[in-house]
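See structure below.
The values are calculated or read from the model by the stated rules, or taken from the named source; none is laboratory data. What you are looking at is a predicted structure, and each value in this text was computed from that prediction instead of being measured. Reconstructed Cβ throughout: ideal geometry from the backbone, glycine too, with neighbour counts over all protein chains shown.
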Amino acid sequence: MDDEQLWLVERTYTDKGMISLVYATTDGERYLQKQRSMNMLNHIDVTAAVDADPESLDDVDDDETREQYASEASRMAEKHDPDEAI
């Protein structure tokens, strides 16, 4: 099965030195959440999009969240190249 492209829709910082990145499909139906340490971000770029195995994605159950993710993912896809550092 081919990888699916997801776009950055949410970035949340915690008080424990972690960052949570959420990438979603442009229809807002599926998402992938990644946890990274703030120190790790000094060595990697956060990109506008990632490719992921469809089996590793979670379904978005909440209608409001689905609409929010669809809107933000579509906006990111229109304004940024997938490999662009954000």
When the residues of the stretch 18-39 are narrowed to those that are small (G, A, S) and in a strand (DSSP E or B), which ends up nearest to the chain's Cα centre (by Cα)?
A24
Just the residues that are hydroxyl-bearing (S, T, Y), more than 16 Å from A85 (Cα to Cα) and at pLDDT 90 or above, please, taken from the stretch 21-40.
T25, T26, Y31
Between a residue in the stretch 54-73 that is under 9 Å from R30 (Cα atoms) and any residue that is surrounded by fewer than 18 Cβ atoms within 10 Å (Cβ to Cβ) and among the polar types (S, T, N, Q), which pairs come within a Cβ distance under 8 Å, given they are 6 or more apart or on different chains?
D58/Q33
I'd like to check something: does the stretch 66-84 contain any residue that is modelled with pLDDT under 95 and not in a loop (DSSP other than H, G, I, E, B)?
no
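Would you point out the residue of the stretch 1-17, among those that are acidic (D, E) and part of a strand (DSSP E or B), that is farthest from the chain's Cα centre (by Cα)?
Of the residues in the stretch 1-17, the ones acidic (D, E) are 2-4, 10, 15.
Next cut, part of a strand (DSSP E or B) only: 4, 10.
Working: E4: 12, E10: 6 Å.
If we take residues in the stretch 1-17 being acidic (D, E) and part of a strand (DSSP E or B), then E4 is farthest from the chain's Cα centre (by Cα).
Residues are listed down the side, and each one gets a yes or a no for (1) surrounded by fewer than 17 Cβ atoms within 10 Å (Cβ to Cβ); (2) among the polar types (S, T, N, Q):
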position	(1), (2)
S20	yes, yes
D27	yes, no
A49	no, no
A52	no, no
